[in-house]
Amino acid sequence: MSLSRRNWTESERQSKMSMLSRGKAAHDLFVYGSLQEPEVVNALLNRVPDHVSAVLSGFHRFRLKGRVYPTILPDGTGEVTGMVLKGITDDELKMLDEFEDVEYDRKAVEVVLTDTSEELPVETYVWKNKDDPDLYGEWDFEAWKRHDKECFVTATKKFLEERRLPEAKTRIDTFKTFFKQDSENGKPLD
């Protein structure tokens with residue numbers, strides 16, 4: 001990992017040097033759903049990594065019946081807007097893998113950065129079950145921020161509390177319990 005590139009911003013240079021000093025690999029991760037929200041990322045990683053807007057071509061972002069988060073699947077023609085979280089450490093990637101749980105596979109893809117049109121190899125989370133009957137429509141980040149962000153951040157913090165327990169719940173189980181209780185209190189999921 002060379003730091004001699006002339007067009008590094010000061011924050012990129014410091015981030016890379018920090019990664020090197022900790023002996024951790026730096027990963028770039030394309031996110032397209034709730035992980036675009038700084039409060040969610042900060043809750044999980046205790047920091048908000050540098051990030052840039054990007055587009056992933058050849059995929060569709062779906063809503064999921066009964067859930068407040070989206071997924072993507074390849075469709076050959078669509079475009080998914082999101083952002084690239086830059087300089088994710090191995091430990092942070094492990095946390096994000098745990099958070100995304102068994103429903104997703106982390107896959108290598110290529111995105112185009114919105115501001116420079118540069119192509120960038122990254123990883124992203126892709127839904128495992130391409131035939132899932134709960135997939136529908138198009139998930140909307142702005143609508144999620146207005147309607148579900150607050151509860152999602154709370155549920156994420158609950159997941160982090162639960163994972164410290166001897167009989168820790170998965171993120172899926174924590175969210176099912178949390179949002180079931182929430183819908184019983186008058187806030188439906190869909």
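The values are calculated or read from the model by the stated rules, or taken from the named source; none is laboratory data. Everything quoted here is computed from the prediction, not taken from an experiment. Reconstructed Cβ throughout: ideal geometry from the backbone, glycine too, with neighbour counts over all protein chains shown. Only protein heavy atoms, including side chains, enter the accessible area calculation; ligands, DNA and RNA are left aside. Shrake-Rupley method; radii C 1.70, N 1.55, O 1.52, S 1.80 Å.
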Identity of the residue in segment 25-52, buried (at least 16 other Cβ atoms within 10 Å of the Cβ) and within 17 Å of residue 108 (Cα to Cα), that ends up modelled with the lowest pLDDT
26
Residue among 101, 91 that is exposed (fewer than 14 other Cβ atoms within 10 Å of the Cβ) and either among the charged types (D, E, K, R) or not in a strand (DSSP E or B) (or both):
91
The condition of being open to solvent by 80 Å² or more (accessible area, probe 1.4 Å) and at negative phi holds, among 119, 123, only for 119
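Among the listed residues 124, 156, which satisfies the condition of being under 15 Å from residue 34 (Cα atoms), in contact (Cβ under 8 Å) with a residue 24 or more places away in the chain and part of a strand (DSSP E or B)? It would help to see each step written out before you state the result.
Numbers: 156 fails: part of a strand (DSSP E or B).
None of the other options fit; the residue is 124.
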Residue that is part of a helix (DSSP H, G or I), among the aromatic types (Phe, Trp, Tyr) and either surrounded by fewer than 14 Cβ atoms within 10 Å (Cβ to Cβ) or modelled with pLDDT of 95 or more (or both), where the choices are 139, 144
144
Among (1) surrounded by fewer than 19 Cβ atoms within 10 Å (Cβ to Cβ); (2) closer than 12 Å to residue 32 by Cβ, the one test that residue 75 misses:
(2)
